[in-house]
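Visitor: Got a structure here, written out as structure tokens. Questions coming.
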Amino acid sequence: MSNRPALSVKEIQNTIREVGINPNYWYPVGWSDEFKESRVKPVTIWNQPIAVYRTEQGRLHALEDACLHKGVELHKGTVEQERIVCPYHGWEFDGEGRCQKIPYLPAGKKCPTARIRTFPVQERYQIVWVFPGDPALAQDVALPEVPEFDHPDWFMVKIPGHFMAHFSTCNENTMDVFHGHLHKGLQGWFDPELTQLDRSESKVFAEYQVSYKGRLAKLLGLAKSAEETYQRTVSIEYAYPHYQNHMGELSSLYLMRLPVGPNETRSFSLMFLKPGIPSRLWRPYKEVLARLLWRFVLKRFLDQDKEMIESEQATYDADPQAPRLEINPAIMALRRVIYEQFQQYRSMSEAMPEEQMTQKDSA
Ligand code: FES
Ligand SMILES: [Fe+2]
């Protein structure tokens, strides 16, 4: 842990939009079906460009997106069987970043032994994950557990999110149940109350009581009838850098966060529901129903959130020192975890030059 003095709530509030990530976690970089066989796709984790390619055999590799020769972006190249081929002079690299072939190498000469940096990559929950930190730590860092994923009773909806804002602003939106006001026109939740809050070095756990009423709550299985008001307990766990929210046995949301850069964030969420209709009626149509639910219901919520998050970022950019007043202790706890995770990483990497610490001015 850092031996820097702990910062006050106000000091954290004034710096939270500038902090970098702790890269020693697995970050989601895309849905599995976006990574086609024999294709390469560029992704970015906190300003680090990475070329992720899937081989002819279906294996995934993640290399720094710059050719060893002259730095051309490898994602502009092609995939030949197990190798990625740079588009400029045709140098070929394997999944370990080793140069395996230079088409015009004079006879008797060997390829250079220097390698392209590689990143641990894995695929789970229909998501591709990359570990941008110290590769030696990757196997000891767990992905979030998603027990609903393989369970036939749960109806799964995949939810993509893209926000032009710092990841802390996006994470605050997920922890902030008091913004039900924003969604009132969509039959969102109302009368929220924070009933429990715990924080540890890498986690925040909050419980809120909320109320639901209306046809949407009934459709999503959150209310038995559309006319009555139902009180529910929502538990929200932020386990850096991802979320899971549960509403008893009724619904779960796993939100996986990708900080792309200081002002750009993505999310890959899996929502699980037990709809208010028998499963035999929805199971044969689950793919198309999930897409419809996303497009015509959930996206409307997310679009409202996106507008608020990006508005918050815009006023911050215009005047970063303007005082803001947060009163939700769950948000303050969240900020402290985000801040301290970054500090923890900085302390571990004290020997690294400051410009590699991925601060805003390096964007
Ligand atoms: S820049 Fe990649 S082969 Fe020359
Ligand atoms: Fe929202």
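Visitor: What are the pairs, 6+ residues apart or on separate chains, where a residue within the stretch 274-295 that is assigned to a helix (DSSP H, G or I) has its Cβ under 8 Å from a residue that is aromatic (Phe, Trp, Tyr)?
Guide: From residues that are assigned to a helix (DSSP H, G or I), the pairs are Ser279/Phe155; Trp282/Phe155; Lys286/Phe155; Leu289/Phe155; Leu289/Trp282; Ala290/Phe155.
Visitor: Please enumerate the residues belonging to the stretch 28-83 that are assigned to a loop (DSSP other than H, G, I, E, B) and within 12 Å of ligand 1 (Cβ to nearest atom).
Guide: Asp65, Ala66, Cys67, Leu68, His69, Lys70, Gly71, Val72, Glu73, Gly77
Visitor: Please identify the pairs in which a residue from the stretch 298-310 that is β-branched (Val, Ile, Thr) has its Cβ atom under 6 Å from the Cβ atom of a residue that is more than 9 Å from ligand 2 (Cβ to nearest atom), counting only partners at least 6 apart or on another chain.
Guide: Correct list of pairs: Ile309/Phe163; Ile309/Ala165; Ile309/Thr169; Ile309/Cys170.
Visitor: Another question, then. Looking at the stretch 180-194, is at least one residue under 26 Å from the mean Cα position of the chain (by Cα), part of a loop (DSSP other than H, G, I, E, B) and either within 15 Å of ligand 2 (Cβ to nearest atom) or closer than 25 Å to Gly30 by Cα (or both)?
Guide: Scanning the stretch 180-194 turns up at least one residue that is under 26 Å from the mean Cα position of the chain (by Cα), part of a loop (DSSP other than H, G, I, E, B) and either within 15 Å of ligand 2 (Cβ to nearest atom) or closer than 25 Å to Gly30 by Cα (or both).
Visitor: Moving on to the next point. Pick from the stretch 68-85 the residues that are surrounded by 18 or more Cβ atoms within 10 Å (Cβ to Cβ) and within 21 Å of Pro120 (Cβ to Cβ): which of them is nearest to the chain's Cα centre (by Cα)?
Guide: His75
Matching residues to (1) modelled with pLDDT under 95; (2) farther than 17 Å from Ala330 by Cα; (3) in contact with a Gly (Cβ under 7 Å, 6 or more places away or on another chain); (4) not assigned by TED's automatic domain parsing to the domain that holds Trp154:
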position: Thr174; (1), (2), (3), (4): no, no, no, no
position: His179; (1), (2), (3), (4): yes, no, no, no
position: Gly188; (1), (2), (3), (4): yes, yes, yes, no
position: Thr195; (1), (2), (3), (4): no, no, no, no
position: Asp198; (1), (2), (3), (4): no, no, no, no
position: Val204; (1), (2), (3), (4): no, no, no, no
position: Tyr212; (1), (2), (3), (4): yes, yes, no, no
position: Leu216; (1), (2), (3), (4): yes, yes, no, no
position: Leu219; (1), (2), (3), (4): yes, yes, yes, no
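Results for (1) on the phi < 0 side of the Ramachandran plot; (2) more than 16 Å from ligand 1 (Cβ to nearest atom); (3) assigned to a strand (DSSP E or B); (4) crowded, with 16+ Cβ neighbours inside 10 Å, shown as yes or no for each residue.
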site: Asn171; (1), (2), (3), (4): yes, yes, no, yes
site: Gln196; (1), (2), (3), (4): yes, yes, yes, no
site: Glu207; (1), (2), (3), (4): yes, yes, yes, yes
site: Lys218; (1), (2), (3), (4): yes, yes, no, yes
site: Lys224; (1), (2), (3), (4): yes, yes, no, no
site: Gln231; (1), (2), (3), (4): yes, yes, yes, no
site: Gln244; (1), (2), (3), (4): yes, yes, yes, yes
site: Pro259; (1), (2), (3), (4): yes, yes, yes, yes
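The values are calculated or read from the model by the stated rules, or taken from the named source; none is laboratory data. What you see is a predicted model; the values in this text were computed from it and never measured. When we count neighbours, we look across all protein chains shown, and the Cβ atoms used for this are built from the backbone with ideal geometry, even at glycine.
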